[in-house]
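Following: one structure in structure tokens, then a few remarks.
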Amino acid sequence: MNNTDPIIFGSSSMYERLCLVTEVLGAFVSRAPRAVGIEQLARQTGRPEKELVRLCNALCRGQLLAGERGNAWRLAGDASSVTLEDAFRFVVNEQAARGRTRPRAESEEAAQDSGARREVDLLVMQAAISINQSVFQHLRQFSLDRLKVAASGMFPARRPDDRGATWSGKLSFS
């Protein structure tokens with residue numbers, strides 16, 4: 001991945017958060033409808049339990065997970081209905097909730113410039129809405145139940161091809 005790839009997600013930290021949320025939701029999809037405990041989730045993701053508990057509780061507030069007894073959770077809905085769009089919307093909403101602040105009072109100088117600024121804000125907002133709708137539409141096409149197949153080990157990581165060479169199961173789009 002080059003340095004411009006995560007820009008569609010706003011920042012590399014947002015991209016990383018999307019990957020983490022997708023990985024965690026994928027763990028629940030692969031075990032659905034059974035619950036997943038914190039120890040199992042920590043082993044699977046390699047993340048600290050404390051971080052995962054916070055994330056799973058946030059995913060419960062986002063109505064993607066439902067809590068069970070003893071630091072365990074399960075998917076709140078059907079595994080086949082969870083998509084990358086759900087993960088992305090969760091990350092965007094989480095980021096927006098962190099960024100909410102009380103509005104500042106405008107200075108007189110800022111108030112004079114606000115007419116032109118409002119036009120720019122409106123134009124950028126219209127573009128952002130259009131881009132987001134397009135992104136959501138594309139992400140909706142990627143169901144996380146695809147991860148269930150990969151987690152079950154149905155496909156070997158390496159296999160010989162017709163010429164006796166080995167083939168890697170990883171695809172690269174760069």
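Just need a number here: residues in the range 41-60 that are out of contact with any helix residue (DSSP H, G or I) (no Cβ under 8 Å at 6 or more places or on another chain) and outside any loop (DSSP other than H, G, I, E, B).
Within the range 41-60, residues that are out of contact with any helix residue (DSSP H, G or I) (no Cβ under 8 Å at 6 or more places or on another chain) and outside any loop (DSSP other than H, G, I, E, B) number 6.
Can you say whether VAL36 is under 12 Å from the mean Cα position of the chain (by Cα), buried (at least 16 other Cβ atoms within 10 Å of the Cβ) and at pLDDT 90 or above, as far as the supplied structure shows?
On the way: under 12 Å from the mean Cα position of the chain (by Cα): no; buried (at least 16 other Cβ atoms within 10 Å of the Cβ): yes; at pLDDT 90 or above: yes.
No: the conditions fail for VAL36.
Across the range 61-76, what is the number of residues that are part of a loop (DSSP other than H, G, I, E, B) and surrounded by 14 or more Cβ atoms within 10 Å (Cβ to Cβ)? Give the steps one after another, and end with the answer.
From the range 61-76, those part of a loop (DSSP other than H, G, I, E, B) are 62-64, 69-71, 76; that's our starting set.
Going one step further and asking which of them are surrounded by 14 or more Cβ atoms within 10 Å (Cβ to Cβ), we end up with 62, 64, 71, 76.
Qualifying residue count for the region: 4.
Which of the residues that make up the range 28-64 are among the small types (Gly, Ala, Ser) and in contact (Cβ under 8 Å) with a residue 24 or more places away in the chain? It would help to see each step written out before you state the result.
Taking the range 28-64 and keeping what is among the small types (Gly, Ala, Ser), we get 30, 32, 35, 37, 42, 46, 58, 62.
Those that are among the small types (Gly, Ala, Ser) and in contact (Cβ under 8 Å) with a residue 24 or more places away in the chain: SER30, ALA32, ALA35, GLY37, ALA58, GLY62.
For the structure I just gave you, tell me whether GLN63 is polar (S, T, N, Q) and within 22 Å of ASP145 (Cβ to Cβ).
The answer is yes for GLN63.
The values are calculated or read from the model by the stated rules, or taken from the named source; none is laboratory data. On a predicted model such as this, the values are computed, not experimentally measured, just so you know. Glycine gets a Cβ as well: all are built from the backbone with ideal geometry, and neighbour counts include every protein chain shown.
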